[in-house]
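The values are calculated or read from the model by the stated rules, or taken from the named source; none is laboratory data. From a predicted model like this one, the values you see are computed outputs, not experimental measurements. All Cβ positions, glycine included, derive from the backbone under ideal geometry; neighbour counts span all protein chains shown. What goes into the accessible areas is simple: the full protein's heavy atoms, side chains included, and nothing from ligands, DNA or RNA. Shrake-Rupley method; radii C 1.70, N 1.55, O 1.52, S 1.80 Å.
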Amino acid sequence: MKHSLRPIALLLAALPALAEEPTRQLETVQVEMVKDPAAMPYGRMNGILQDLKKHGQGLVTLDFKLTRKDGQPTDKVKIALVQDEAYTPIPRDAAGRFELPVLPPEQAKTAELASTLPRGQAQLHGRIKLTLKPEQLTMAQVRRIMEVGRTVRGELLPWYARWLFPQVGGVRICSEQPRWELEWRDERGQLLGLPLPTEPGGRDPDAPKDSKRACTVLTGEEPWPASARLLAPADATLSVRMGTKDRGAL
């Protein structure tokens, strides 16, 4: 087979012209990050995150959402962790929620949370998030979650941070169709099923305000066995129902 050298020759001939082309300078964008003095010092926040990671038994995490005091949207606002003139961008999901990194204590002392919002406008809302999937939930897990909530809030958190972690009131299950059931076997091996009631006025905290998703709640005080497991629609979600508020602002 014969190979043509013409394409190679044309490329070599074009190299001098390409070398003379001026280098294009990309536009530089400067982002001014503002540290809000009203926010909780990151050293304290880091301690809360460490305690939750250590004593949460892998059942709960803490995530956040940024809002403005004047109610304006924050979808284009940038958030970063600033430390010694360097900053680490913090990504947010489609709903605007994000998690904060856990730092070694010495690093956390000099770290600060910053955003591109004007000074004094930032409001940070914390939320306890369950790591379990609906198909993993049993009454034993519900009772563990309730115990973790009591332990973390009552024994581990300092007084100034307890408003951030309100008393856990139960595990909320939400879905489009109110078809939830607990299933377990009795002492004779017979399979039993118990439909769960809809919570009056219950609302999925992650759904739009006009959503029709129904919810039910398990508090762990129900008389059903630890082995009773949740059966729920495929679109079901789990969240924590607080005894007071669902969210707190820093």
- Give the residues of segment 225-234 that are touching a residue at least 40 places away in the same chain (Cβ under 8 Å) and open to solvent by 60 Å² or more (accessible area, probe 1.4 Å), sorted by residue number. S227, R229
- Message: Looking at V82, V60 in this structure, which one is within 18 Å of the chain's Cα centre (by Cα) and at pLDDT 85 or above?
- Response: V60
- Query: G126 passes all but one of (1) crowded, with 19+ Cβ neighbours inside 10 Å; (2) at pLDDT 85 or above; (3) in contact with a strand residue (DSSP E or B) (Cβ under 7 Å, 6 or more places away or on another chain); which number fails?
  - Reply: (2)
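So which of E135, E187 ends up being in a helix (DSSP H, G or I) and surrounded by fewer than 15 Cβ atoms within 10 Å (Cβ to Cβ)?
Numbers: E187 fails: in a helix (DSSP H, G or I).
Sole residue among the options that is in a helix (DSSP H, G or I) and surrounded by fewer than 15 Cβ atoms within 10 Å (Cβ to Cβ): E135.
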- Please determine, by comparing only the residues of segment 194-224 that are free of Cβ contacts under 8 Å to residues at least 40 places away in the same chain and assigned to a strand (DSSP E or B), which one is least open to solvent (accessible area, probe 1.4 Å). L194
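On the given criteria, is G154 open to solvent by less than 40 Å² (accessible area, probe 1.4 Å) and either over 21 Å from D63 (Cβ atoms) or not aliphatic (A, V, I, L, M) (or both)? Steps first, answer last, please.
Working: open to solvent by less than 40 Å² (accessible area, probe 1.4 Å): no; either over 21 Å from D63 (Cβ atoms) or not aliphatic (A, V, I, L, M) (or both): yes.
Criteria not met by G154.
Would you confirm whether or not segment 89-108 contains a residue that is of a type in the set (D, E, K, R), at pLDDT 85 or above and more than 30 Å from A232 (Cβ to Cβ)? Before the answer, list the steps.
First pass over segment 89-108, keeping only residues of a type in the set (D, E, K, R): 92-93, 97, 99, 106.
Among the residues that remain, those that are also at pLDDT 85 or above are: 92-93, 97, 99, 106.
Retained after the next criterion (residues that are more than 30 Å from A232 (Cβ to Cβ)): 106.
Checked against the condition, which is being of a type in the set (D, E, K, R), at pLDDT 85 or above and more than 30 Å from A232 (Cβ to Cβ), segment 89-108 yields at least one hit.
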- Segments classed as strands (runs of 3 or more DSSP E), wholly inside segment 60-109, with at least 2 members that are in contact with a strand residue (DSSP E or B) (Cβ under 9 Å, 6 or more places away or on another chain) and open to solvent by 60 Å² or more (accessible area, probe 1.4 Å): 86-89
- Message: Which numbered condition in (1) over 24 Å from the mean Cα position of the chain (by Cα); (2) open to solvent by 20 Å² or more (accessible area, probe 1.4 Å) is the only one that L182 fails?
- Response: (2)
